[in-house]
Every structure is written in C-alpha cells, then in structure tokens.
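The values are calculated or read from the model by the stated rules, or taken from the named source; none is laboratory data. Just so it is clear, the structure is predicted and the values come from calculations on it, not from any experiment. Glycine gets a Cβ as well: all are built from the backbone with ideal geometry, and neighbour counts include every protein chain shown. Each accessible area value is taken on the protein alone, full model and side chains, heavy atoms only, with ligands, DNA and RNA left out. Shrake-Rupley method; radii C 1.70, N 1.55, O 1.52, S 1.80 Å.
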Amino acid sequence: MPNTEEAVLSRTEFPFDTTVAHPARVYNYWLGGKDNFEADRVAGERALAGGAKILPGVRANRAFLRRAVRFLAAEAGVRQFLDIGTGLPSAGNTHEIAQEVAADSRVVYVDNDPIVLAHARALLTSQTGTTAYIDADARDTGRILREAAGTLDFGQPVAVLFLMILQYIPDEDHPGRIVREILDALPAGSYLAHSDTALDISADANVATSAAGLNKRMPTNQHLRTPEQLATYYTGLELVEPGQVQLPKWRPAPDDPDPSLILSAYCGVARKP
C-alpha cells in the first residue's frame, strides 16, 4: 500500500495512478533513484526476488548508453540523436554525453509516462546544443517522426536509441517493424543502438522467473526474446564491432562493469548503409 504522502500526491499532483507500477519508475528504483512510488518498489523487489541478475544488468545498460553515445558522437561523427523510451532522467543522459563531445549535438527524447514528461521538462535542459522531448508511445512511429522533424534534420544521419524498451512491446505490435519504420525514414549513415533483456537460460536461468514476478505487478509487461530474435532488429544494417553481445562486452571502458560478467541482456550498434 502507498504511504499517506504518496496517496495524497496521486490525487492532487499527478495525472496518473501511483498505485500501479510503471517500467520507467521501477527502473529508476533499481538505479537507486527517488522518482518512484510504493507500487514501483514492490514490483522491483518482486522481480529481484526471482533471482535474476537485475541490478548488475541495469548498471551495465547505463554504462552501455555512455559508451554507445560517446562512440556515435566521437568516432562516428553523429550530431543528431533520437532516444526512444528514454525513461526518467539520471546522471549521464544522452544529451549530456553527446554535447560533451560536440556542443552542437541535437537530441530528441521520446516517452509516454507523465512523470517522465514532468521531469524531462525540468531536467533535460541544454545550455549548448538543442534538446527536445516528445510525449508519445514508441509504437506511434508516425507521430515520433513528425514531431522529431521539428528538431532533427532527416537529411543528415541520426542515431536512434532503443535501450531496454522494445522488450515492453508485445509480438502483436511488431517491435521489429517499429525499428524499420524509424530507420526507413532516416538517411544512410544513420545508426541504431539497441539493448534488451533476453531469454537466455544459459546466461541466467532465473531471468524468466524474475520477468514473471515483474509482470504480475505492472500492466505493461516484459516480453523476453532470444538473442537470435533480438538480432533481427539489425537486419539490413552493418553491425559495429563486436556485434551483438552481452551488455558488459560491448567495447568496455576501464571503469565499466566487469566484461566477464555473464548477463542475459544484449546490446549492439549498427549503421544504415
């Protein structure tokens, strides 16, 4: 049950039900953030009780975000980023990393959680480049592309980030088609950066149990796919070395999680030829 303060907030300040868990706020809880409610913490703990290596995974995903954006900005020369399913802001956001490399970088965030929107307006500000936010569902690719065109130049390469978001898209909504519709609208030289939890029993036998525990607490369910299924998102693209790998193994930096850590979470970066 939510405490009294949170119950009051849900009635007076937020246009959503704080008694129902949401993936962005659960993820915030796992990262040690404070932008979550009792329902999110209960759901997060229920998933952790399943035994999967969730906390190392979320930290490894955050580290992958840093490495991928830095690669895209510094090595690939990308100056435009479309971060779909951005989640709640925390240290080391996409625009901070990109604009640290190139001050003129443009970044557009996409999410559909009202609390993410509220925080984005307050925190996702930029002093040097351009940062914008779109309130949209990841499945509404037409709206995303229309609104992003107000900030991004689709005549120039764009890096699209789908980090830990496609796992919340059920098969009947065709996550692969979502990726293709976005990438098809972008020019050659654009990039896809992707990460998701995978149904990989050899890496973590408890991953399915933890996902089931989480799904019982959230209306937005996690849909685990095999690494082979995740690899189809890169169809027609050129994978950057080392290809699709477990999160800690993609170009690890000295201060990142141990690359020998075995996780049932995969990532990759690929270029549109």
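Per-structure values
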read-out	value
Chain lengthening between E38 and Q229 when straightened (0.36 nm per residue, less Cα-Cα)	65.4 nm
Of all accessible heavy-atom area on the stretch 57-115, the percent that carbon and sulfur account for (1.4 Å)	42
Dimensionless Rg over Rh [the chain; C-alpha; Kirkwood]	0.94
Surface per residue (accessible, 1.4 Å probe) for the chain, Å²	43
Given charges at beta-carbon only (K, R positive; D, E negative), |dipole| of the chain in Debye	260
Peptides 224-233, 153-162 ordered by average Cβ neighbours within 10 Å, highest first	153-162, 224-233
Packing-based order for 235-241, 27-33, using average beta carbon neighbours within 10 Å, highest first	27-33, 235-241
Within the accessible area of the stretch 175-265 (1.4 Å probe), percent carbon and sulfur	53
Rel. contact order, % - alpha carbon contacts under 8 angstrom, at least six apart, the stretch 164-273	37
Relative contact order (percent, whole number), the chain, Cα cutoff 8 Å, 6+ residue spacing	20
